[in-house]
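Step one of this worksheet: look at the structure below.
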Amino acid sequence: MKITKKVLAPVMAVAMVASSAVCVSAEDEAIALTLWGAEEDQDLLKELVGKFEETYSDFTFDIEIGVESESTAKDTILTDVEAAADVYAFASDQIYDLVNAGALANLDEYDEAFQAVAGKSIADVKAANSESSVAAATVNDSFYAFPMAGDNSYFLFYDSSVVSPEDAQSWDTLLAAAEAGGKKVGMTLSSGWYNAGFFYGAGFTTDLNEDGTTVMDWNGTSASGITGVDVVKSMLNIAGNSAFQAVADGDLSNQIAAGGLCAVVSGTWDASAAQDAFGDGYSATKLPTFTVNDEQVQMGSAFGYKFVGVNAYAENIGWAAVLAEFLTNEDAQVARFDARQIGPTNLVAVESDAVKANLAITAVIEQSEFGVIQKVGGKYWDPAQTFGENIAQGKIPADDDAAIQEALDTLVEGVTAPVE
(Lines give C-alpha, C1' and ligand atoms only; values in the text may rest on other atoms or scores of the structure.)
Protein backbone atom coordinates (compact mmCIF):
# COMPACT_ATOMS: atom_id res chain seq x y z
CA MET A 1 0.00 0.00 0.00
CA LYS A 2 1.29 3.42 -0.87
CA ILE A 3 1.61 5.58 2.23
CA THR A 4 -0.01 9.00 1.92
CA LYS A 5 -0.03 11.91 4.30
CA LYS A 6 -3.58 11.14 5.38
CA VAL A 7 -2.64 7.54 6.21
CA LEU A 8 0.70 8.38 7.82
CA ALA A 9 -0.41 10.95 10.37
CA PRO A 10 -2.79 8.78 12.42
CA VAL A 11 -0.51 5.77 12.10
CA MET A 12 2.47 7.67 13.41
CA ALA A 13 0.38 8.88 16.31
CA VAL A 14 0.52 5.30 17.57
CA ALA A 15 4.15 5.94 18.48
CA MET A 16 3.00 8.37 21.18
CA VAL A 17 2.33 5.35 23.33
CA ALA A 18 6.08 4.89 23.48
CA SER A 19 7.26 8.45 23.19
CA SER A 20 5.98 11.98 22.97
CA ALA A 21 8.43 12.57 20.10
CA VAL A 22 6.79 11.22 16.94
CA CYS A 23 7.48 11.72 13.28
CA VAL A 24 4.25 13.53 12.46
CA SER A 25 4.95 16.71 10.57
CA ALA A 26 2.52 19.47 9.75
CA GLU A 27 0.81 19.07 6.37
CA ASP A 28 2.82 21.78 4.64
CA GLU A 29 6.09 21.57 6.57
CA ALA A 30 9.24 19.87 5.40
CA ILE A 31 10.30 16.97 7.59
CA ALA A 32 13.67 18.03 8.96
CA LEU A 33 16.30 15.40 9.69
CA THR A 34 20.03 15.53 10.30
CA LEU A 35 22.31 12.67 9.29
CA TRP A 36 25.95 12.02 10.17
CA GLY A 37 28.21 9.60 8.35
CA ALA A 38 31.86 8.98 7.54
CA GLU A 39 33.67 11.32 5.16
CA GLU A 40 34.22 8.40 2.79
CA ASP A 41 30.46 7.78 2.67
CA GLN A 42 29.33 11.28 1.81
CA ASP A 43 28.69 10.70 -1.90
CA LEU A 44 26.93 7.42 -1.17
CA LEU A 45 24.79 9.01 1.53
CA LYS A 46 23.69 11.74 -0.86
CA GLU A 47 22.71 9.07 -3.38
CA LEU A 48 20.81 7.01 -0.80
CA VAL A 49 19.04 10.04 0.64
CA GLY A 50 17.95 10.94 -2.89
CA LYS A 51 16.45 7.47 -3.31
CA PHE A 52 14.79 7.76 0.10
CA GLU A 53 13.13 11.01 -0.93
CA GLU A 54 11.97 9.39 -4.18
CA THR A 55 10.54 6.45 -2.27
CA TYR A 56 8.53 8.77 -0.02
CA SER A 57 7.82 11.36 -2.69
CA ASP A 58 4.45 12.31 -1.14
CA PHE A 59 6.43 14.10 1.55
CA THR A 60 8.84 16.99 1.59
CA PHE A 61 12.12 16.45 3.42
CA ASP A 62 14.90 18.71 4.56
CA ILE A 63 17.75 16.26 5.24
CA GLU A 64 21.08 17.75 6.23
CA ILE A 65 24.10 15.45 5.85
CA GLY A 66 27.18 16.01 8.00
CA VAL A 67 30.58 14.35 8.42
CA GLU A 68 31.34 12.27 11.50
CA SER A 69 33.54 9.19 11.57
CA GLU A 70 32.03 6.02 13.01
CA SER A 71 35.12 5.72 15.21
CA THR A 72 34.59 9.11 16.89
CA ALA A 73 30.79 9.31 16.79
CA LYS A 74 30.32 8.51 20.46
CA ASP A 75 32.72 11.18 21.69
CA THR A 76 31.07 13.87 19.57
CA ILE A 77 27.52 12.80 20.38
CA LEU A 78 28.03 12.55 24.13
CA THR A 79 29.36 16.10 24.19
CA ASP A 80 25.78 17.25 23.59
CA VAL A 81 23.30 14.47 22.82
CA GLU A 82 20.38 16.79 22.12
CA ALA A 83 22.43 18.74 19.55
CA ALA A 84 23.70 15.61 17.80
CA ALA A 85 22.33 14.28 14.52
CA ASP A 86 18.96 12.53 14.39
CA VAL A 87 20.52 9.60 12.52
CA TYR A 88 24.18 8.64 12.82
CA ALA A 89 26.61 5.83 12.06
CA PHE A 90 28.83 4.42 14.79
CA ALA A 91 31.05 1.46 15.64
CA SER A 92 29.40 -1.33 17.59
CA ASP A 93 31.76 -1.10 20.56
CA GLN A 94 30.24 2.32 21.36
CA ILE A 95 26.69 1.06 21.82
CA TYR A 96 26.86 0.54 25.58
CA ASP A 97 27.98 4.08 26.32
CA LEU A 98 25.44 5.52 23.88
CA VAL A 99 22.59 3.53 25.41
CA ASN A 100 23.63 4.42 28.95
CA ALA A 101 23.70 8.10 27.98
CA GLY A 102 20.21 7.93 26.47
CA ALA A 103 21.59 8.79 23.04
CA LEU A 104 19.92 5.90 21.19
CA ALA A 105 16.22 5.31 20.70
CA ASN A 106 14.88 1.87 21.59
CA LEU A 107 13.72 0.82 18.13
CA ASP A 108 11.38 -1.88 19.46
CA GLU A 109 9.17 0.88 20.87
CA TYR A 110 8.48 2.22 17.37
CA ASP A 111 7.70 -1.08 15.71
CA GLU A 112 4.02 -0.48 14.94
CA ALA A 113 4.61 2.94 13.42
CA PHE A 114 7.69 1.65 11.59
CA GLN A 115 5.69 -1.18 10.03
CA ALA A 116 3.02 1.21 8.77
CA VAL A 117 5.54 3.38 6.92
CA ALA A 118 8.41 1.05 6.01
CA GLY A 119 6.23 -1.94 5.21
CA LYS A 120 8.29 -4.23 7.40
CA SER A 121 8.68 -4.90 11.11
CA ILE A 122 11.69 -4.62 13.36
CA ALA A 123 11.56 -8.43 13.51
CA ASP A 124 11.90 -8.48 9.71
CA VAL A 125 14.98 -6.25 9.95
CA LYS A 126 16.53 -8.58 12.50
CA ALA A 127 15.79 -11.66 10.39
CA ALA A 128 17.41 -10.04 7.34
CA ASN A 129 20.77 -9.58 9.07
CA SER A 130 23.30 -11.93 10.62
CA GLU A 131 22.45 -13.24 14.04
CA SER A 132 25.68 -11.96 15.56
CA SER A 133 25.17 -8.42 14.20
CA VAL A 134 21.67 -8.32 15.67
CA ALA A 135 22.99 -9.59 18.99
CA ALA A 136 25.63 -6.85 18.99
CA ALA A 137 22.89 -4.25 18.33
CA THR A 138 20.83 -5.51 21.26
CA VAL A 139 21.30 -4.24 24.80
CA ASN A 140 19.24 -5.61 27.69
CA ASP A 141 16.96 -7.40 25.20
CA SER A 142 16.17 -4.17 23.32
CA PHE A 143 17.18 -3.40 19.73
CA TYR A 144 19.02 -0.08 19.48
CA ALA A 145 20.60 0.10 16.01
CA PHE A 146 20.35 -1.09 12.43
CA PRO A 147 23.33 -3.21 11.30
CA MET A 148 25.16 -1.52 8.42
CA ALA A 149 28.44 -3.39 7.95
CA GLY A 150 29.81 -6.72 9.13
CA ASP A 151 33.50 -6.34 8.59
CA ASN A 152 34.52 -3.93 11.31
CA SER A 153 37.82 -5.63 12.03
CA TYR A 154 41.33 -5.61 10.64
CA PHE A 155 43.62 -7.99 8.81
CA LEU A 156 46.70 -7.72 6.57
CA PHE A 157 46.87 -6.10 3.15
CA TYR A 158 50.14 -6.79 1.36
CA ASP A 159 51.91 -6.36 -1.97
CA SER A 160 52.71 -9.85 -3.24
CA SER A 161 55.48 -8.45 -5.49
CA VAL A 162 57.41 -7.70 -2.27
CA VAL A 163 55.88 -10.03 0.31
CA SER A 164 55.09 -13.67 -0.51
CA PRO A 165 52.05 -15.41 0.99
CA GLU A 166 54.46 -17.35 3.20
CA ASP A 167 56.20 -14.15 4.33
CA ALA A 168 52.83 -12.70 5.33
CA GLN A 169 52.20 -15.44 7.88
CA SER A 170 54.41 -14.05 10.67
CA TRP A 171 55.67 -10.64 11.76
CA ASP A 172 59.25 -11.93 11.66
CA THR A 173 59.17 -12.94 7.98
CA LEU A 174 56.91 -10.04 7.03
CA LEU A 175 59.31 -7.42 8.37
CA ALA A 176 62.28 -9.22 6.86
CA ALA A 177 60.61 -9.20 3.43
CA ALA A 178 59.75 -5.52 3.77
CA GLU A 179 63.32 -4.63 4.67
CA ALA A 180 64.67 -6.64 1.73
CA GLY A 181 62.30 -4.80 -0.57
CA GLY A 182 63.14 -1.36 0.77
CA LYS A 183 59.60 -0.94 2.10
CA LYS A 184 57.83 -0.82 5.45
CA VAL A 185 54.89 -2.46 7.20
CA GLY A 186 52.37 -0.02 8.65
CA MET A 187 50.08 -0.38 11.65
CA THR A 188 48.35 1.89 14.12
CA LEU A 189 49.51 1.17 17.67
CA SER A 190 48.09 4.33 19.28
CA SER A 191 44.57 2.88 19.43
CA GLY A 192 42.99 0.37 21.77
CA TRP A 193 41.13 -1.00 18.80
CA TYR A 194 44.29 -2.12 17.02
CA ASN A 195 46.81 -2.77 19.81
CA ALA A 196 44.34 -5.05 21.62
CA GLY A 197 44.90 -7.62 18.86
CA PHE A 198 48.21 -8.70 20.37
CA PHE A 199 46.67 -9.25 23.80
CA TYR A 200 43.53 -10.97 22.51
CA GLY A 201 45.72 -13.34 20.50
CA ALA A 202 47.69 -14.21 23.61
CA GLY A 203 44.51 -15.06 25.52
CA PHE A 204 43.92 -11.82 27.44
CA THR A 205 40.46 -10.30 27.76
CA THR A 206 38.39 -7.18 28.27
CA ASP A 207 34.81 -7.09 29.48
CA LEU A 208 32.16 -4.81 30.92
CA ASN A 209 30.65 -4.68 34.39
CA GLU A 210 27.01 -3.73 34.86
CA ASP A 211 28.06 -0.29 36.10
CA GLY A 212 29.87 0.44 32.84
CA THR A 213 33.39 -0.09 34.15
CA THR A 214 35.85 -2.20 32.18
CA VAL A 215 37.44 -5.45 33.29
CA MET A 216 40.98 -5.95 32.00
CA ASP A 217 43.63 -8.58 32.82
CA TRP A 218 46.49 -7.47 30.59
CA ASN A 219 48.89 -6.85 33.48
CA GLY A 220 48.67 -10.46 34.63
CA THR A 221 48.96 -13.90 33.05
CA SER A 222 46.49 -15.08 30.44
CA ALA A 223 44.71 -18.41 30.26
CA SER A 224 47.33 -19.36 27.67
CA GLY A 225 50.07 -18.94 30.27
CA ILE A 226 51.52 -15.84 28.64
CA THR A 227 52.26 -12.75 30.72
CA GLY A 228 51.38 -9.22 29.72
CA VAL A 229 55.07 -8.39 29.99
CA ASP A 230 55.81 -11.04 27.35
CA VAL A 231 53.26 -9.51 24.97
CA VAL A 232 54.64 -6.00 25.39
CA LYS A 233 58.17 -7.22 24.71
CA SER A 234 56.95 -8.70 21.46
CA MET A 235 55.18 -5.46 20.53
CA LEU A 236 58.28 -3.41 21.33
CA ASN A 237 60.43 -5.68 19.16
CA ILE A 238 58.05 -5.20 16.25
CA ALA A 239 57.73 -1.44 16.77
CA GLY A 240 61.50 -1.10 17.06
CA ASN A 241 62.18 -2.86 13.76
CA SER A 242 63.47 -0.51 11.06
CA ALA A 243 60.94 -1.95 8.60
CA PHE A 244 57.97 -1.08 10.83
CA GLN A 245 56.09 2.19 10.52
CA ALA A 246 53.73 3.31 13.28
CA VAL A 247 50.82 5.11 11.63
CA ALA A 248 48.56 7.62 13.39
CA ASP A 249 44.96 6.56 13.86
CA GLY A 250 42.95 7.67 10.84
CA ASP A 251 45.99 8.14 8.59
CA LEU A 252 46.34 4.63 7.20
CA SER A 253 44.81 5.35 3.79
CA ASN A 254 47.11 8.33 3.29
CA GLN A 255 50.17 6.29 4.17
CA ILE A 256 49.13 3.48 1.87
CA ALA A 257 48.73 5.96 -0.98
CA ALA A 258 52.15 7.49 -0.24
CA GLY A 259 53.77 4.34 -1.61
CA GLY A 260 56.27 3.51 1.11
CA LEU A 261 54.38 0.51 2.50
CA CYS A 262 54.34 -3.05 1.21
CA ALA A 263 51.88 -4.23 3.86
CA VAL A 264 49.49 -2.66 6.32
CA VAL A 265 47.20 -3.78 9.12
CA SER A 266 43.84 -2.25 8.30
CA GLY A 267 40.30 -3.12 7.26
CA THR A 268 37.99 -3.22 4.28
CA TRP A 269 37.59 0.57 4.36
CA ASP A 270 41.15 0.82 3.02
CA ALA A 271 40.74 -1.85 0.35
CA SER A 272 40.53 0.64 -2.50
CA ALA A 273 43.64 2.48 -1.31
CA ALA A 274 45.54 -0.80 -1.03
CA GLN A 275 44.43 -1.91 -4.49
CA ASP A 276 45.55 1.36 -6.01
CA ALA A 277 48.92 1.28 -4.24
CA PHE A 278 49.76 -2.41 -4.71
CA GLY A 279 48.33 -2.86 -8.21
CA ASP A 280 48.70 -6.38 -9.55
CA GLY A 281 50.36 -7.38 -6.26
CA TYR A 282 47.26 -6.55 -4.20
CA SER A 283 46.63 -9.34 -1.70
CA ALA A 284 45.00 -9.78 1.70
CA THR A 285 45.08 -12.40 4.42
CA LYS A 286 44.59 -12.92 8.14
CA LEU A 287 46.89 -11.17 10.59
CA PRO A 288 50.36 -12.63 11.08
CA THR A 289 51.61 -14.51 14.10
CA PHE A 290 54.06 -12.85 16.49
CA THR A 291 56.89 -14.30 18.53
CA VAL A 292 56.39 -14.77 22.27
CA ASN A 293 59.13 -16.62 24.16
CA ASP A 294 60.32 -18.26 20.93
CA GLU A 295 56.80 -19.48 20.14
CA GLN A 296 54.48 -18.22 17.40
CA VAL A 297 51.19 -16.78 18.65
CA GLN A 298 48.39 -15.97 16.24
CA MET A 299 47.48 -12.31 16.45
CA GLY A 300 43.84 -11.69 17.38
CA SER A 301 41.69 -8.71 16.53
CA ALA A 302 38.87 -6.62 17.86
CA PHE A 303 35.86 -7.62 15.79
CA GLY A 304 32.73 -5.60 15.49
CA TYR A 305 30.10 -4.05 13.32
CA LYS A 306 29.06 -0.66 12.10
CA PHE A 307 25.57 0.48 12.93
CA VAL A 308 23.19 3.30 12.16
CA GLY A 309 21.27 4.54 15.18
CA VAL A 310 18.50 7.00 15.92
CA ASN A 311 18.95 9.80 18.42
CA ALA A 312 16.41 9.45 21.21
CA TYR A 313 16.04 13.25 21.14
CA ALA A 314 15.19 13.44 17.42
CA GLU A 315 12.19 15.67 16.82
CA ASN A 316 10.93 13.51 13.94
CA ILE A 317 11.99 10.27 15.56
CA GLY A 318 9.74 7.97 13.57
CA TRP A 319 10.97 9.30 10.26
CA ALA A 320 14.52 9.09 11.61
CA ALA A 321 13.99 5.36 12.19
CA VAL A 322 12.62 4.89 8.68
CA LEU A 323 15.61 6.73 7.20
CA ALA A 324 18.10 4.76 9.33
CA GLU A 325 16.64 1.47 8.13
CA PHE A 326 16.61 2.66 4.51
CA LEU A 327 20.34 3.46 4.76
CA THR A 328 21.07 -0.08 5.96
CA ASN A 329 18.68 -2.29 4.01
CA GLU A 330 19.79 -4.88 1.46
CA ASP A 331 20.00 -2.42 -1.43
CA ALA A 332 21.96 0.08 0.64
CA GLN A 333 24.42 -2.57 1.84
CA VAL A 334 24.96 -3.71 -1.74
CA ALA A 335 25.53 -0.10 -2.80
CA ARG A 336 28.00 0.37 0.05
CA PHE A 337 29.88 -2.76 -0.97
CA ASP A 338 29.99 -1.64 -4.61
CA ALA A 339 31.23 1.82 -3.63
CA ARG A 340 33.71 0.96 -0.89
CA GLN A 341 33.95 -2.84 -0.63
CA ILE A 342 32.37 -2.76 2.81
CA GLY A 343 31.18 -6.19 3.93
CA PRO A 344 27.43 -6.61 4.44
CA THR A 345 25.52 -8.03 7.39
CA ASN A 346 22.45 -8.57 5.23
CA LEU A 347 22.12 -12.31 4.64
CA VAL A 348 21.20 -11.97 0.98
CA ALA A 349 23.85 -9.38 0.15
CA VAL A 350 26.66 -11.36 1.78
CA GLU A 351 25.95 -14.36 -0.46
CA SER A 352 26.50 -12.49 -3.70
CA ASP A 353 29.28 -13.70 -6.02
CA ALA A 354 30.91 -10.27 -5.91
CA VAL A 355 31.19 -10.34 -2.12
CA LYS A 356 32.51 -13.89 -2.08
CA ALA A 357 35.14 -13.03 -4.68
CA ASN A 358 36.43 -10.03 -2.76
CA LEU A 359 39.91 -10.56 -1.29
CA ALA A 360 39.41 -8.17 1.61
CA ILE A 361 36.10 -9.73 2.64
CA THR A 362 37.67 -13.18 2.40
CA ALA A 363 40.52 -12.02 4.62
CA VAL A 364 38.24 -10.54 7.28
CA ILE A 365 36.25 -13.78 7.33
CA GLU A 366 39.52 -15.70 7.73
CA GLN A 367 40.58 -13.41 10.58
CA SER A 368 37.15 -13.62 12.24
CA GLU A 369 38.15 -17.03 13.62
CA PHE A 370 40.58 -15.12 15.84
CA GLY A 371 38.37 -12.06 16.41
CA VAL A 372 36.93 -10.91 19.72
CA ILE A 373 33.83 -8.79 20.19
CA GLN A 374 35.44 -5.92 22.07
CA LYS A 375 33.49 -5.04 25.19
CA VAL A 376 34.98 -1.97 26.84
CA GLY A 377 33.70 1.15 28.57
CA GLY A 378 34.51 4.78 27.97
CA LYS A 379 37.50 4.72 30.31
CA TYR A 380 39.31 2.27 28.04
CA TRP A 381 40.23 4.42 25.09
CA ASP A 382 42.51 7.18 26.38
CA PRO A 383 44.78 4.94 28.50
CA ALA A 384 44.95 2.38 25.67
CA GLN A 385 45.90 5.13 23.22
CA THR A 386 48.65 6.48 25.49
CA PHE A 387 49.93 2.97 26.11
CA GLY A 388 50.11 2.29 22.37
CA GLU A 389 51.83 5.60 21.69
CA ASN A 390 54.48 4.78 24.27
CA ILE A 391 55.15 1.46 22.54
CA ALA A 392 55.22 3.06 19.09
CA GLN A 393 57.70 5.69 20.27
CA GLY A 394 59.88 3.21 22.16
CA LYS A 395 59.35 4.98 25.48
CA ILE A 396 59.18 1.68 27.37
CA PRO A 397 62.55 -0.16 27.60
CA ALA A 398 62.21 -3.57 25.97
CA ASP A 399 64.77 -5.09 28.37
CA ASP A 400 63.26 -3.73 31.59
CA ASP A 401 60.57 -6.09 32.89
CA ALA A 402 59.80 -3.85 35.86
CA ALA A 403 59.19 -0.82 33.64
CA ILE A 404 56.97 -2.86 31.35
CA GLN A 405 54.99 -4.17 34.31
CA GLU A 406 54.59 -0.64 35.63
CA ALA A 407 53.28 0.53 32.25
CA LEU A 408 50.77 -2.33 32.20
CA ASP A 409 49.65 -1.61 35.76
CA THR A 410 49.13 2.05 34.87
CA LEU A 411 47.14 1.01 31.81
CA VAL A 412 44.85 -1.32 33.76
CA GLU A 413 44.39 1.19 36.55
CA GLY A 414 43.22 3.84 34.09
CA VAL A 415 41.01 1.53 32.06
CA THR A 416 39.26 -0.02 35.06
CA ALA A 417 38.71 3.31 36.89
CA PRO A 418 35.17 4.00 38.15
CA VAL A 419 32.78 5.72 35.75
CA GLU A 420 32.27 9.31 36.84
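The lysines whose alpha-carbon is closer than 21 Å to the alpha-carbon of LYS233, local same-chain residues fewer than 8 away aside, are LYS184, LYS395. A protection proxy built from the mean count of other Cβ atoms within 10 Å ranks the segments 145-153, 118-126, 374-382, most packed first, as 145-153, 374-382, 118-126.
Each helix, a run of at least 4 DSSP H residues, gives -39500 (n - 2.57); summed and divided by the residues of the chain, these come to -11000 deg cm²/dmol at 222 nm. Surface composition of the range 271-420: carbon and sulfur make up 48 percent of the accessible area, probe 1.4 Å.
Per atom type, the range 129-228 shows carbon and sulfur on 44% of its accessible surface, probed at 1.4 Å. In the distance distribution for the range 73-196, Cα-Cα pairs more than 26 Å apart total 44 percent. Extension gain for LEU347 to ASN140 (0.36 nm times residue separation, less C-alpha to C-alpha distance): 72.1 nm. Would you mind checking the pairs LYS183/LYS375; LYS126/LYS379; LYS46/LYS306 and listing those with alpha carbons more than 27 angstrom apart? From the list (LYS183/LYS375; LYS126/LYS379; LYS46/LYS306), the Cα-Cα distance tops 27 Å for LYS183/LYS375; LYS126/LYS379.
Taking 25 °C and 0.890 mPa s as conditions, the range 320-420 diffuses translationally at an estimated 141 µm²/s according to Stokes-Einstein applied to its Kirkwood radius (Cα pairs). With the biggest extent put first, the Cα atoms of the range 132-196 measure 53, 23, 16 Å across the principal axes. When you work out D = kT/(6 pi eta Rh) for the chain at 4 °C and 1.567 mPa s, using the Kirkwood radius from C-alpha pairs as Rh and the Stokes-Einstein form, the result is 58 µm²/s. Once you reduce the range 192-207 and the range 310-343 to the center of their Cα atoms, the two points are 30 Å from each other.
Just the number please: accessible area per residue for the chain, 1.4 Å probe, all protein chains included, in Å².
Numbers: 17400 Å² over 420 residues.
The answer is 41 Å² per residue.
The alpha carbons of the range 163-285 give a radius of gyration and a Dmax of 16.1, 51 Å, in that order. Remark: spin-label model distance ASN293-THR79 equals 4.6 nm, labels positioned 7 Å along the Cα→Cβ axis.
Projected label points at ALA32 and ASP399, each 7 Å from Cα along the beta carbon direction, are separated by 6.5 nanometres. Between the range 76-123 and the range 369-420, how many Å separate their Cα centres? Between the Cα centres of the range 76-123 and the range 369-420 lies a distance of 31 Å.
The values are calculated or read from the model by the stated rules, or taken from the named source; none is laboratory data. This one's a predicted model, so the numbers in the text were calculated from it and none came from an experiment. Don't worry about glycine lacking a Cβ; one is built from the backbone with ideal geometry, like all the others, and counts go over all protein chains shown. Side chains are part of the model used for accessible areas, which takes the heavy atoms of the whole protein and leaves out ligands, DNA and RNA. Shrake-Rupley method; radii C 1.70, N 1.55, O 1.52, S 1.80 Å.
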